[in-house]
Structure formats: C-alpha cells, structure tokens
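Structure record follows, encoded as structure tokens.
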Amino acid sequence: MDFESCPRKHQIDTYLREHKINELFQNMTSLLIFNQPDYPKRFLREKLIELRDARDKGMDPPLLFTQDNAESIFNMLDPCESEAIAYERYCHALETLGIRKYDKDPEREENGEVKKERYLEEAVRGLKILATTYQQP
C-alpha cells in the first residue's frame, strides 16, 4: 500500500497542515543554508527556542529576511529615491521576499505608486507571517 491509498492520509495531511510542519522545515532549512553555521544542530536548537519564545512570549520569530533586506529591495526599485514605486514593483518586491499573501490593494499616491512606508509595513508583516511556523495560541 502506498501513501496515497493509506486510509490515514487525510488525517496525516491535516496534522501536517495544522501544525505547519512543512513550513517549519522549509524555514529551518532556509535559515541553515543562508547562515551556514559551524554547528548546525546547535543553530537549529537556538532557532527552535526563538520560535517557542515568539509563540509563548510574543517575541518576533526568527526571520530569514529582515526589514533591512526589504528596504534594500525597495531602494533598488526606486533608483531616483522618490520614496514610492509602481504597484507592479510593490508586488514584485514582496514576492521576491517570498511573501505571497499581502495587501493587493494598498493605499496609493495619485499617480498609482505605493509609498516606501506602506511597502515596508506590508513587508515586515508578511515576513513575520512566513516565520510564524506554529499555531497561534
């Protein structure tokens, strides 16, 4: 019997989805690859403790990308330093950070551009959601 025909497949899928297990492994693997620590098991343990503290104490979860990274992307898309970018660039910048769920209708200037402040708010919110690989209490 293969997994697809396993009677418990639905139960297993539900468990993995509810506990965000795939997201947890993806996030931890990304953190490992990005940081390449000398002691990967110790590093993972520290990140899991940070994740637990984020859940239990309301702290920020361990992030792969930071607000500084989001700001760097924005600055590359705004070479004239106008502090605003086209809506399409706003979407592209957020998706570059791995954020798929974001405000698709952000407040815009009269010319249709999205201000840097609004983009950064959405980027930080999205990055925290990506890193929150646990059930909310």
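Taken together, the values in this text are just the output of simple stated rules run on the coordinates, not laboratory data. Just so it is clear, the structure is predicted and the values come from calculations on it, not from any experiment. Note that we place each Cβ from the backbone using ideal geometry, even for glycine, and neighbour counts take in every protein chain shown.
If you add up the charges near T66, with Lys and Arg at +1 and Asp and Glu at -1, over every other residue whose beta carbon is less than 13 angstrom from its beta carbon, what do you get?
Values: positive: K128; negative: D60, D68, E71.
Net of charged neighbours comes to -2.
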Alpha-carbon radius of gyration plus Dmax, which is the widest Cα pair, for the chain in Å: 18.3, 61
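Scale the Cα Rg of the range 75-124 by the rule-of-thumb value 2.2 N^0.38 Å and send over the ratio, two decimals.
Values: Rg = 9.9 Å, N = 50, 2.2 N^0.38 = 9.7 Å.
It is 1.02.
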Longest exposed-site-free window of the chain, the sites being GluC sites (Glu not before Pro) in a DSSP loop that have at most 10 other C-beta atoms within 10 Å: 1-80
Estimated inter-spin distance, I21 and R55, nm [label 7 Å along Cα→Cβ]: 1.4 nm
Coil-residue trypsin sites (Lys or Arg not before Pro) of the range 78-107, DSSP, other Cβ within 10 Å capped at 13: R100, K101, K104
Length-normalised contact order for the range 93-137 - Cα pairs under 8 Å, 6+ apart - percent: 39 percent
Proximal charge balance of V124 [Cβ under 13 Å; K/R count +1, D/E count -1]: -3
Using alpha-carbon coordinates, inclination of helix 116-131 to the longest axis of the chain, degrees: 0 degrees
Most mobile of L44, L94, L63 in a GNM of the chain (Cα contacts under 10 Å): L44
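Can you give the direction-averaged projected area of the convex hull of the alpha-carbon atoms in the range 1-81, in nm²? Walk me through the intermediate numbers first.
Numbers: hull surface 35.9 nm².
Average of the hull's projected areas for the range 1-81 equals 9.0 nm².
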Contact order normalised by residue count of the chain, Cα under 8 Å, 6+ apart, percent: 29 percent
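Rounded to the nearest 500, what is the 222 nm mean residue ellipticity of the chain from helices alone, with -39500 (n - 2.57) per DSSP H run of 4+ residues and division by all residues?
Details: 6 runs with 80 residues, N = 137.
The helix-only estimate for the chain comes to -18500 deg cm²/dmol at 222 nm.
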